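The values are calculated or read from the model by the stated rules, or taken from the named source; none is laboratory data. Not measured: the values here are computed from a predicted model. Here the Cβ is made from the backbone with ideal geometry for all residues, glycine too, and neighbour counts use every protein chain on show. SASA here: full protein model, heavy atoms, side chains in, ligands and nucleic acids out. Shrake-Rupley method; radii C 1.70, N 1.55, O 1.52, S 1.80 Å.
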Amino acid sequence: KDPIAIERLNLMNMAKLSIKGLIESALNLGRTLDSDYAPLQQFFVVMEHCLKHGLKTKKTFLGQSKSFWGPLELVEKLTPEAGEITASVKDLPGLKTPIGRGRAWLRLALMQKKLSDYMKTLINRKDLLSEFYEPNALMMEEEGAVIAGLLVGLNVIDANLCMKGEDLDSQVGVIDFSMYLKDGGHSSKSTEGDGQITAILDQKNYVEELNRHLSASVNNLQAKVDALEKSNTKLTEELAVANNRIITMQEDVERVKEESCYLLESNPKVSKADGSADEHVLGDARKQLKEETQLRLDVEKELEVQIGMKQEMELSMKMLEKDICEKQDALVALRQQLDDLRSLNHEFSLKSQTSDSALKQKSEIISRLEDKASQLTATIKQLELRLRKAEDQCQSAEEANRLFKQEFGDKIESLQLELEQTRKQRFHLEMELRKERERRTIHHNNNSSGDKSPSSQIKTYKQHMAEIEKELQRVKDENVKLKTVLDDIFVSMPFFDLQISPFIEPSICKLCEEEDSITRPKNSCKNCSEIFCESCLANELPLPSSIQPEHVCNACHTMLIQQYSASPS
């Protein structure tokens with residue numbers, strides 16, 4: 001695979017990510033962007049890398065250099081509207097480097113919302129771009145046209161950028177890949193995680209390749225610095241030799257002057273004769289001194305130039321070292337992010353395994369539940385069949401009950417009426433028997449006091465009493481027969497809904513504790529208002545609340561008799 005093509009693809013993907021992230025974040029922010037906005041800064045860094053890709057190197061005084069300011073200057077010739085931007089960039093104070101001018105041009109074009117138009121115009125003229133770019137550069141291939149099309153989306157962004165020449169010249173363009181790395185928790189699909197890892201690996205390879213290029217550039221600069229130091233050492237040695245020669249010449253001139261003065265003082269005549277010769281020698285010495293002085297000045301100027309070049313080289317070395325350090329930090333951060341992604345991928349694989357096991361367990365539970373559901377459906381069907389059978393039996397029982405009511409309803413009602421009449425007759429007979437007993441008691445008391453009635457009257461009473469007892473016994477026997485018939489009816493028909501008389505209240509007798517039934521109904525005592533059976537409520541006495549005799553229980557009867565006997569009335 002072609003590494004240049006891989007670099008172009010990586011740069012295009014980074015441009016897509018940066019433009020997409022910038023548009024989304026700007027729309028979410030909802031305000032004008034400034035120079036400190038991190039996604040906007042990263043966008044300019046990515047664009048700078050795209051414009052630098054495949055640039056031809058140009059030899060300058062400081063050595064080889066690459067700058068994308070040259071291609072951007074062509075836009076002024078192709079589009080007259082861009083002349084204003086170019087003039088503004090050239091007039092900015094503090095801009096000293098071509099790269100700073102290129103950065104300022106990009107920012108001004110974005111603020112004018114003309115960046116996509118200018119880039120399309122520039123990419124369409126590949127004949128002019130070939131002067132600045134290699135044939136396989138990003139701006140010369142299809143990736144450049146794709147990036148120019150993506151820049152159209154930036155027209156929705158409003159930016160207000162403050163540009164300072166010093167900042168643009170000294171800015172280090174390093175891509176911060178952490179802004180484009182997504183957390184694995186936001187996506188549950190393993191394919192997206194693999195795509196992220198592939199993108200990070202491509203970015204890592206690109207950064208490593210860029211780091212190798214920078215290392216090669218540093219080595220070349222170091223070799224140039226070494227050569228400059230050697231030449232500087234040679235020039236220093238030559239300067240020292242020239243200084244020594246000048247000193248010796250000055251000493252010779254002084255010595256000649258002293259000798260000439262001595263000769264003039266010692267022999268003025270000779271001096272006049274030899275003056276012309278000495279002047280000629282002195283003129284030659286002065287001429288040689290001027291030449292040596294000029295040579296010294298030239299050497300000093302060259303030395304100053306070499307010192308300036310050395311200082312510039314040292315400054316560029318420092319900047320390169322700083323850039324390398326930042327690249328190494330970015331590489332370390334990328335490696336850390338790659339390790340984090342690997343750990344996240346490992347966690348995802350573990351989670352997928354646990355989710356698969358949990359899914360198997362849930363599928364087994366679901367199969368068990370389905371089996372239980374099938375069993376429950378079978379049981380429900382059986383219960384429905386049994387319910388239908390029970391409903392059929394209930395309907396048949398209701399039909400039998402209805403038929404039984406039709407057949408025996410009248411008979412039961414007649415039996416109940418006969419039972420009530422019998423009960424009333426019995427009650428009246430018992431009352432007559434009780435009254436007769438009271439009369440006999442009163443009569444006996446009268447006889448004991450000396451008033452004897454005839455024996456015929458006693459016999460009549462006895463006969464009357466015997467007849468009453470016989471009648472009472474007959475009523476009791478008939479009552480027993482009726483009870484037997486009713487009990488047989490209740491036993492033979494348990495579903496029969498018998499209508500009980502309203503004066504019978506289902507309860508328990510307080511004295512004998514016998515339960516209430518149709519054959520043995522219960523009534524309340526008129527004195528204490530408690531519930532008793534007929535045998536325990538057979539007595540009658542007049543009460544203070546009523547003149548007529550009322551039914552009272554045995555306990556109330558005994559108590560009232562004692563009260564009536566104790567009272568004098």
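Data overview
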read-out: Under-5 Å amide H pairs with Leu541, H placed in peptide plane, nonlocal only; value: Glu550, Val552
read-out: Ile561 accessible area, 1.4 Å probe, all protein chains in place, Å² to nearest 10; value: 80
read-out: Lys/Arg +1, Asp/Glu -1 at C-beta; the stretch 44-159 dipole; positive extreme among Gly100, Met47, Pro80; value: Gly100
read-out: For Tyr133, distant residues with modelled amide H under 5 Å away; value: Lys56
read-out: Stokes-Einstein translational diffusion, the stretch 274-433 - Kirkwood Rh over all Cα pairs, 0.890 mPa s, 25 °C, in µm²/s; value: 79
read-out: Flagged links, alpha-carbon separation over 30 Å, of Lys287/Lys310; Lys20/Lys327; Lys96/Lys322; value: Lys287/Lys310
read-out: Extension gain, Lys287 back to Cys325 (0.36 nm per residue minus Cα-Cα distance, nm); value: 8.1 nm
read-out: 18 Å Cα-Cα threshold exceeded, pairs from Lys77/Lys120; Lys230/Lys290; Lys52/Lys318; Lys483/Lys522; Lys56/Lys114; value: Lys230/Lys290; Lys52/Lys318; Lys56/Lys114
read-out: Förster radius 60 Å - calculated FRET efficiency between Ala466 and Gln406 (Cβ-Cβ, nearest 0.05); value: 0.85
read-out: Alpha-carbon spread of the stretch 333-419, three principal axes, descending order, Å; value: 111, 24, 15
read-out: Relative contact order, percent, the stretch 1-159 [alpha-carbon distance under 8 Å, six or more residues apart]; value: 33
read-out: Gain upon complete extension [Gln311, Asp339; 0.36 nm per residue less C-alpha separation]; value: 6.0 nm
read-out: For the stretch 323-366, diffusion coefficient by Stokes-Einstein and Kirkwood Rh (Cα), 25 °C, 0.890 mPa s, µm²/s; value: 192
read-out: Rg to Rh quotient for the stretch 25-134, alpha carbon positions, Kirkwood Rh; value: 0.98
read-out: Karplus-derived HN-Hα couplings along the stretch 399-404 (A = 6.51, B = -1.76, C = 1.60, θ = phi - 60°), whole Hz, x at Gly and Pro; value: 5, 5, 4, 5, 5, 5
read-out: Extension gain (nm, one decimal) between Ser231 and Asn160, 0.36 nm per residue minus Cα-Cα; value: 20.6 nm
read-out: Rg/Rg_ref, the stretch 280-326, where Rg_ref = 2.2 N^0.38 Å and atoms are Cα; value: 2.11
read-out: Over the stretch 1-43: Kirkwood hydrodynamic radius from C-alpha pairwise inverse distances, Å; value: 11.6
read-out: With eigenvalues of the C-alpha gyration tensor scaled by 5 and rooted, the stretch 217-270, Å; value: 51, 5, 4
